[in-house]
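Let me begin by presenting the structure, written as structure tokens, before commenting on it.
The values are calculated or read from the model by the stated rules, or taken from the named source; none is laboratory data. These figures come from a predicted structure and were not determined experimentally. All Cβ positions, even for glycine, are placed from backbone atoms using ideal geometry, and neighbour counts span all protein chains on display.
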Amino acid sequence: GIGSAGKITYTFLLEEHSEALESDVILYMKPAQKSAISYVVRNPSIDEYFKDDGLRIVLCSYAMQASTPEWLGYTKLDGVPSGAAERFESRVGSIFFIGALPTG
């Protein structure tokens, strides 16, 4: 999708101390976005449960996907909920940690 078009994203290369490329990790992060349905449907208990959009995206990913990336997670950067994903999982929103890919 193009939901994150024009948004700031971050790509990190995490390298192992060895020369082996298969242990290197590429991590992709981008800001979490508000759910489109939340503009129409208001539910205070859901808002209370999902403290921020990064958490919502990660928990829903676990609930809906048979196999989630190993590093799926979220964080906040300067107070902004974010998630990360493996490079190939960049379609997932938020800055939430999705996974590690061998670079070799």
Handout entry: Candidate set: segment 31-48, residues that are exposed (fewer than 10 other Cβ atoms within 10 Å of the Cβ) and among the hydroxyl-bearing types (Ser, Thr, Tyr); chosen: the one nearest to the chain's Cα centre (by Cα)
Key = TYR39
Completion exercise
Wholly inside segment 16-104, strands (runs of 3 or more DSSP E) that include 2 or more residues that are modelled with pLDDT under 75 and either charged (D, E, K, R) or touching a Ser or Thr at 6+ places or on another chain (Cβ under 7 Å) (or both) are 80-86
